[in-house]
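Participant: Sharing a structure here in structure tokens format.
Just so it is clear, none of the values below were taken in a lab; they were calculated from the coordinates. Remember, predicted model here, so these are calculated numbers, not experimental data. All Cβ positions, even for glycine, are placed from backbone atoms using ideal geometry, and neighbour counts span all protein chains on display.
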Amino acid sequence: MEEARGHAGLAVTPAVRARGVLLAVALTAVLVYAPTLAYDFVWDDLILIRDRLHLYTAANLGSLLFSDLFSGSEWGESSFFRPLVVLSYFVDLKLWGLTPFGFHLTNVVAHALASVWVARLARRLAGNAVAAVTAGVLFAVHPAHTPAVAFVSGRTDVFATLFALVSVVAYVRWRESHARRDLVVSVAAYALALCSKEVATIVPILLVLYDVVVLRNAWPGHTPRGWRHALVRMAPYVAVLAAYAGVRRLALATFVMAPATPWADGVTRALSTVKMAAWYVRLAILPYPTTLSYEVMPEAFPPGLVWYASAVMLALTLGATLVAMRRWPIAGFGAGWFWIALVPMLGASVLPTRKPLMGDNFLYLSMVGCAVIVGAVAPRWLGTGEIARGTRVPRRAAIALGIVLFGYGAFTLWRSADWRDEYRLTLRSVEGSPNAAHPRVNLALNQLHQGDVAGAHANLAFAATRAPDDAVIAAALGFAEIYLGDREGGLRHTLRAQELAPDNPVVLGYVAESYVRLGDLPRAVETLQRLLRLTPDQVPATMTLATVEHLLARDDDALVTLERGIALNGRTHQHDLLIHKVTAQLTAKRDPARARVSWERYMASLRALAPTPQVAAEIAAAQRELDLLRTK
């Protein structure tokens, strides 16, 4: 075998060169997402990790692995079954505690590994290092991947794609070597992919695609028994899929959470999905402009000019895919991969679900196909089949490719900053989709948490015009109105929220706060008790109940509730500020010494925060309470 030699005369074997390519791809993926290691928990991270107290105890791990991803949270069930992702959260907690750095590190490492396996797939298909490095780097830096990598909870797509890649590459090796070990690795990786995200169900279809398009031994008429042999080869994967479906059915109440009212009628859903498919094609090539929360504008019949333009582009793209499958097997395989990986998301939008699925993260698995296409084309475009000493690469082609990859990487660095913290994320979501309801709601909930009730009210009022039957919007809007003095309007929205979702813990939380503001303490207690029956581990709700019981002069009950809240918070210490303040207020008469210690701890925790007028006012108020206790 020919070897390339470096300047020092040392042999550079193909194996060494291949490892160098994979290392370069991995380092590129790590560098482009290195800033995310300093980011905080955001959005679903707060629900699935920070506030999910059951996750902190090993004794609960078994039940969590075989239950809905969101089970036990205040947001209810989701019909997502992802035990490997839950296990990864548990392991990260054991290794890092609640330090976000460790969780983000897992995401970055998983993305680097996925990029490496993209390069390995391209190398095995195309047979050269140019294809490998081009495909791997393209996948590593593509801006559409930021929600999957920069967002801890986005690791579902990264894990599913990583293990799907391992499964496909091992299958390709098995088809070449017939080594049983490769088949075992492929089937096992498929099982892990399924346990990461439901989209992995398409892996057997990708394997058949490889047989049909690349190996050409399963086309109808090409080999009389081709299809039968393909089915035999798929038998282990079908068995794994059947076992997964059975376990999933036992773990979840239902396969899909069917809403009372679908997001649109059947014709509108079908027309809108065509437009969404064309949008995914555009985003894969030109990932700009993008937003964190896409608003799907329903396309009613008869459709408009934009829909017809989308349909034409979609038809041309699908036609090109079919031609590539016949004439250019590797590029055709990549194009087929792109569409097959999108089918679950597009299909879910056609079904009568609660909302259409549209987001950059849904492209993560599909982008493997695009990377394979570019990897297949790159060697011819660059005029070389290998990276070796003495090879001359056309300067213009290399510069153009370098500019594209560098531009993707720079845009990824810029986009990932949106995930730095919860407030920045929600604010950027509204900036990107100013007319959408739910970005406004997310920003408003953050504003309520920070005390900006007027700003929250403005966003909630706008969101209510876009989604008048959303119970969370109605509940939060009612609370904001009551806080700002509109008691009649606030109570109307509060009662409306209870009517829409009487068992929603988030709704009940805002309803209880509204009753406290209205002075209806008995109804506040009733609402809080109902909330805690549904989700017993909610520390803020527990402490609010203790405070209300204290206001009702039910001090014995209040102290019992207080101790329960302290015990819950002891698992995470995420609500220490609230614990210290409520403890100080509730123990001032019975145990002044404990109250003094709690006020001191409260002020110490406040001083550790960024200095703001609100923090300064809280410290001053706490100091006055502490001074009163010291004079007694």
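Participant: If you line up the long axis of helix 226-251 against the longest principal axis of the chain, both from Cα atoms, how many degrees apart are they, to the nearest 10?
Facilitator: 10 degrees
Participant: Ok, one more. Let me have the relative contact order for the range 477-632, percent, based on Cα pairs under 8 Å that are six or more residues apart.
Facilitator: 12 percent
Participant: Is the shape of the chain best called rounded, prolate or oblate, per the rule: a/c under 1.5 gives rounded, else a/b larger than b/c gives prolate, else oblate, with a ≥ b ≥ c the square roots of the Cα gyration tensor eigenvalues?
Facilitator: prolate
Participant: Still on this model: With an 8 Å cut-off on Cα pairs and a minimum separation of 6 or more residues, tell me the relative contact order of the chain in percent.
Facilitator: 13 percent.
Participant: Lysine pairs in the chain 8 or more apart or on different chains: how many have alpha carbons under 24 angstrom apart?
Facilitator: 6
Participant: Counting Lys and Arg as +1 and Asp and Glu as -1, each charge on the Cβ, what is the dipole of the chain about the Cα centre in debye, to the nearest 20?
Facilitator: Result for the chain is approximately 2580 debye, rounded to the nearest 20.
Participant: When a/c reaches 1.5 or more, the comparison of a/b and b/c decides; with that in mind, is the range 254-338 rounded, prolate or oblate per its Cα gyration tensor?
Facilitator: Prolate, since a/c reaches 1.5 and a/b exceeds b/c.
Participant: DSSP loop trypsin sites (Lys or Arg not before Pro) in the range 495-601 with at most 13 other Cβ atoms within 10 Å of their Cβ, which ones?
Facilitator: When the trypsin sites (Lys or Arg not before Pro) of the range 495-601 are filtered for loop state and at most 13 Cβ neighbours within 10 Å, Lys589, Arg590 remain.
Participant: Could you order the peptides 33-45, 52-64, 321-333 from most to least packed, using the average number of other C-beta atoms within 10 Å per residue?
Facilitator: 33-45, 321-333, 52-64
Participant: Based on the Cα coordinates of the range 293-366, what is the per residue volume of their convex hull in Å³?
Facilitator: 105 Å³
Participant: Ok, one more. Treating each Cα of the range 592-632 as an identical point scatterer and ignoring solvent, apply the Debye formula and state log10 I(q)/I(0) at q = 0.33 Å⁻¹.
Facilitator: -1.10
Participant: If you place +1 on the Cβ of every Lys and Arg and -1 on the Cβ of every Asp and Glu, how big does the dipole about the Cα centre of the range 319-463 come out, in debye to the nearest 20?
Facilitator: Roughly 720 debye for the range 319-463.
Participant: Expressed as an acute angle from 0 to 90° and rounded to the nearest 10, what is the orientation of the C-alpha long axis of helix 592-607 relative to the principal long axis of the chain?
Facilitator: Long axis of 592-607 versus the principal axis of the chain: about 40 degrees.
Participant: When ranked by the protection proxy of mean other Cβ atoms within 10 Å per residue, highest first, what sequence do the peptides 201-208, 441-448, 98-105, 609-616 form?
Facilitator: Answer by packing, highest mean first, reads 441-448, 201-208, 98-105, 609-616.
Participant: If we sort 85-95, 300-310 on the protection proxy, mean other Cβ atoms within 10 Å, highest first, what's the order?
Facilitator: Top of the packing list down: 85-95, 300-310.
Participant: Can you compute the helix-only [θ] at 222 nm over the chain? Use -39500 (n - 2.57) per DSSP H run of at least 4 residues, normalise by all residues, nearest 500 deg cm²/dmol.
Facilitator: One gets -22500 deg cm²/dmol as the mean residue ellipticity at 222 nm.
Participant: Just to confirm the number: angle between the C-alpha axis of helix 367-382 and the first principal axis of the chain, 0 to 90 degrees, nearest 10?
Facilitator: 40 degrees
Participant: Considering the dipole of the chain built from charges on the beta carbon (Lys and Arg +1, Asp and Glu -1) around the Cα centre, which of Pro147, Leu500, Gly127 is farthest to its positive end?
Facilitator: Gly127
Participant: Just flag the trypsin sites (Lys or Arg not before Pro) in the range 100-131 sitting in loop per DSSP whose Cβ has no more than 13 other Cβ atoms within 10 Å.
Facilitator: Loop-located and lightly packed - none at all.
Participant: Determine the shape class of the range 550-627: with a ≥ b ≥ c the square roots of the Cα gyration tensor eigenvalues, call it rounded for a/c under 1.5, and otherwise prolate if a/b is greater than b/c, oblate otherwise.
Facilitator: Because a/c hits 1.5 or more and a/b fails to exceed b/c, the range 550-627 counts as oblate.
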